[in-house]
Structures are given as C-alpha cells and as structure tokens.
Amino acid sequence: WSPELSSDLYRIDGWGAPYFTVNSSGDISVRPHGTDTLPHQEIDLLKVVKKASDPINSGGLGLQLPLVVRFPDVLKNRLESLQSAFDYAVQSEGYEAHYQGVYPVKCNQDRFVVEDIVKFGSGFRFGLEAGSKPELLLAMSSLCKGSSEGLLVCNGFKDAEYISLALVARKLQLNTVIVLEQEEELDLVIDISRKMAVQPVIGLRAKLRTKHSGHFGSTSGEKGKFGLTTTQILRVVRKLKESGMLDCLQLLHFHIGSQIPSTELLADGVGEAAQVYSELVRLGAGMKFIDIGGGLGIDYDGTKSSDSDVSVGYGLQDYASTVVQAVRFVCDRKNVKHPVICSESGRAIVSHHSVLIFEAVSSTTTRSQELSSMSLHSFVEKLNDDARADYRNLSAAAIRGEYDTCMLYADQLKQRCVDQFKDGNLDIEQLAAVDAVCDFVSKAIGAS
C-alpha cells in the first residue's frame with residue numbers, strides 16, 4: 001500500500017483539493033491556505049486528533065470524540081478566493097461596478113464562524129444575510145465590527161417586530177436592506193418606517209421562471225414558495241411610487257436553488273433576473289444592487305458532474321465569470337448602469353473549513369466462500385448456456401492475462417446468475433458460489 005493508492009481510493013484530490021491531501025505518512029493532511037500552503041504549514045489531521053483526545057496527564061487535551069475541528073485559515077482562503085474570482089471577472093469583462101458578498105447566517109450560525117467571516121471579509125465589504133429575528137440580532141452584533149459598506153440583507157418571514165429591528169439596525173448606521181418576499185410585507189415597512197422616522201432601503205425577491213430541477217431546486221421556478229411574481233412586483237412598484245418611496249427600492253434578489261449544477265442554468269437565471277432589474281430601473285426605482293442569492297455548488301464527490309446532486313460541472317472562476325457576463329450583457333443592451341453584484345454563498349464558503357471526526361464503532365469484513373474443484377464443477381453445470389459461455393470466456397481471458405476482459409466477463413456472469421436466482425432457477429448456494437468466483441477474480445487481479 002502507498003499514500004498514492006490511498007489518495008486514489010478515497011478520491012481525495014477530486015473532492016478535497018486544494019485543502020485536503022494524503023501526506024507521505026498516509027494520513028489526511030490539511031492545507032489551510034489552499035494552493036499557497038507551504039510544506040511546513042500543512043496540518044496532519046491524525047496528530048490533531050491524537051493531541052485533542054489523549055489524556056491530559058499525557059500532554060493531550062482529554063477531549064471525547066466526536067469532535068468538530070475548525071480551520072479558520074481555510075475559511076479566510078475561501079472568502080479571498082471568491083472575492084478574487086469576481087474581481088478577475090469584473091476586470092476582464094470591463095464591468096463598471098464591483099462585487100461584494102453576503103454570508104447567509106443560517107448556513108452555520110456558530111458565533112466564531114460568523115465573527116471570522118466578518119473579520120476576514122471586512123476588506124472586501126463582505127456582509128451578512130439574516131432570515132429570522134435571532135439571526136438578525138446575531139448579524140447586527142457581528143457587523144458592528146465589520147465594513148460599514150457590508151450589506152445586512154434581511155430575508156425570511158417578516159412581522160412588525162422583525163421590521164422594527166431591521167430599521168433599528170439602519171439607525172445604528174448598518175447598511176440594512178429589507179427584502180420583500182411577500183407582498184403584504186410592504187405595508188408594514190411603509191407604516192413602521194414612518195412611525196420610526198427611518199428611511200428604509202428596500203429590496204424585493206423575484207420569483208423567476210428559471211427552474212433548478214435538481215434535489216435542491218424545489219423552491220425555484222414560478223411555482224416556488226418564495227418571492228414575488230411579475231404582477232406582484234408591479235403592484236409593489238406602484239404602491240412605493242404612490243407613497244413617494246420608489247427611490248427606496250434599491251435591490252433585486254432571487255435564488256435559483258442551492259447547488260446549481262451548471263453554468264448554463266446559472267446564466268439563464270441571472271440573465272432573466274437582469275431583465276427584471278433593468279425593467280425596475282425603467283420604472284423609476286433607485287436600483288443599485290442585484291443579489292443573485294446562493295447556489296455556488298461544491299463538488300462533494302470529485303466527479304465534476306452537472307448531472308449529480310452532490311457535484312457541479314464548473315469551478316469558482318467559471319461561476320463568477322458567468323454571473324458577470326450575464327448581468328453585463330443585459331444591462332449594456334438595455335443601456336442600464338451596471339449594478340453592484342452580491343451573492344449569498346453559504347456552503348461554498350464554510351463547507352471545507354470544518355471536519356467532523358468520530359470513532360468507528362464497528363467494521364465489516366468479507367470472507368469469501370472457499371471453492372473446491374468439485375464444487376466449482378457443480379456450480380458451472382447448473383449455469384444456463386449464456387452464463388456458462390461467460391465462465392469459459394472468463395477462464396480463457398485469465399489464461400491470456402487479459403485482466404480488464406476478466407472483469408468484464410466476471411460482471412456479466414454475476415448479473416446473469418442474479419437474474420437466474422430472481423427467476424427461481426438458481427439456488428442460494430449457487431448464488432454464493434458466483435460471488436466467491438468473482439471475489440477470487442477481483443483479488444487475483446488486484447494482487448497481480
């Protein structure tokens with residue numbers, strides 16, 4: 001065995017790059033600064049676990065498993081990588097506004113995570129998104145130490161108390177935006193803002209036609225749960241205009257769905273939203289921001305596939321460039337000033353930075369049935385003609401040393417026998433025997 005074989009078996013370079021790898025000792029190693037990590041900065045995860053779980057009298061911390069181990073430098077690198085990708089896209093596309101991210105607190109409400117994001121992102125005008133009153137209080141507390149330009153985006157269901165709290169945040173000089181997700185929320189915002197003598201900044205969430213058909217797209221599309229239809233958007237604009245508050249409408253928000261699988265779907269959704277944004281500008285709203293929501297996916301299994309719910313077919317730079325291109329194309333065609341682009345990437349920021357470690361409570365070993373020459377002969381005799389042909393082809397390929405062909409015929413033989421068993425033409429001992437034959441072939445090929 002070798003570290004290379006270990007890395008290949010667990011596909012760690014597929015799903016873990018650039019933060020996780022297998023080191024020369026065969027252990028998982030963490031690269032906290034991504035590709036910029038120097039050899040002496042790598043962290044052996046096994047040594048961390050040993051130090052944490054060893055008794056105090058042995059120099060350890062005496063902690064019990066399971067443990068969550070956090071790497072704040074990975075969090076910092078994710079923020080920097082996201083910002084860098086959008087900065088490059090803005091520059092290369094000649095985009096005339098900037099990008100500033102927003103972290104959705106619901107993704108991980110841990111105090112240290114939120115505070116680290118605000119600290120690491122203050123130079124990038126990074127903000128926070130809250131979807132409830134407790135999250136809003138947490139975000140207000142954290143953003144007091146962050147960038148004054150960082151957005152505090154208020155999403156979710158809003159009652160009078162929530163809206164009052166958001167307006168208090170605006171009084172505290174936080175860059176607060178109340179995003180309307182239901183039409184009736186507007187009446188509360190207008191009424192309470194007048195009573196508190198606070199000029200609100202309002203956003204609205206559009207219910208786009210673009211639909212993410214994967215597992216994480218159930219809330220997207222025109223029949224999705226959240227957001228305003230085009231008819232409702234027009235009514236909101238009309239009511240704001242009648243109230244003399246149309247200039248307060250400054251942000252358009254949408255969310256295609258989490259774990260967007262491809263840049264084609266992303267471009268389609270962002271393009272549609274940019275059309276809505278341009279129309280709001282035409283109607284006289286004081287638009288400044290387009291918030292593309294979440295959706296930046298993580299390749300959990302390393303397959304880089306757009307057909308999987310646990311993978312995506314693009315990288316960070318592809319994502320940023322697709323967004324910037326889509327917004328710029330529509331705005332240029334409509335002769336609309338380029339808006340500030342925001343995103344609410346949660347899993348893409350925090351997923352890599354923490355590791356859950358737990359003890360294995362049991363293990364399973366597979367002991368293959370031993371096959372004698374006589375039992376093997378008896379097994380072959382009971383096979384149908386097609387399965388017997390697979391067995392002969394398997395034997396011939398083995399003699400020739402054609403190992404890939406061996407595996408092909410072994411798989412075919414096994415499937416035919418399973419089909420025979422399902423039809424009632426093969427007994428359970430024979431089914432176990434074919435498993436033994438195929439296990440033997442796999443082990444023999446692996447050993448060679």
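Summary of computed values
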quantity	calculated
Estimated [θ] at 222 nm from DSSP helical runs (n ≥ 4, -39500 (n - 2.57)) normalised by residues in the chain, nearest 500	-14500 deg cm²/dmol
When the convex hull of its Cα atoms is projected in every direction, mean area for region 301-356 (nm²)	5.3
Listed residue (G346, S278, C438) projecting farthest to the positive dipole end of the chain, Cβ model	S278
Hull volume in cubic angstrom per residue (convex hull over the Cα atoms of region 64-213)	163
Accessible carbon and sulfur surface of region 371-443 relative to its total accessible area, %, 1.4 Å	53
In degrees, nearest ten, helix 403-422 long axis to first principal axis of the chain (Cα)	90
Extended-chain gain in nm, criterion 0.36 nm per residue less alpha-carbon gap, E183 and L38	46.9 nm
Leading residue at positive end of dipole, the chain (Cβ point charges), from L174, F421, F86	L174
Rounded to the nearest 20 debye, dipole of the chain from Cβ charges on Lys, Arg, Asp, Glu	1760
Stokes-Einstein diffusion coefficient of region 1-63, Kirkwood radius over Cα pairs, 20 °C, 1.002 mPa s, in µm²/s	170
Options S29, G313, L249, ranked by Cα towards positive dipole end of the chain, top entry (Cβ charges)	L249
Rg to Rh quotient for the chain, alpha carbon positions, Kirkwood Rh	1.12
Where labels lie 7 Å past Cα in the beta-carbon direction, separation of K51 and Y88 in nm	3.3
Pairwise label distance in nanometres, Y300 with A396, each label 7 Å out on the Cα-Cβ vector	4.5
Listed residues L316, L151 arranged by accessible area, highest first, probe 1.4 Å	L316, L151
Label-point separation, R194 to S243 (7 Å along Cα→Cβ), nm	0.8
For region 371-443, the Rg and Dmax computed from alpha carbons only, in angstrom	11.4, 34
Whole-number accessible area per residue in Å² for the chain, which is evaluated in the context of all protein chains at 1.4 Å	51
Length added when fully stretched, C144-F112, from 0.36 nm per residue minus Cα-Cα	10.0 nm
Sulfur and carbon atoms: percent of accessible area, region 70-353 [1.4 Å]	50
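The values are calculated or read from the model by the stated rules, or taken from the named source; none is laboratory data. If you're wondering where the values come from, they're calculated on a predicted model, not measured in any experiment. So basically every Cβ, Gly included, is an ideal-geometry build from the backbone, and we count neighbours across all protein chains shown. Heads up: the accessible areas ignore ligands, DNA and RNA and are worked out on the full protein's heavy atoms, side chains in. Shrake-Rupley method; radii C 1.70, N 1.55, O 1.52, S 1.80 Å.
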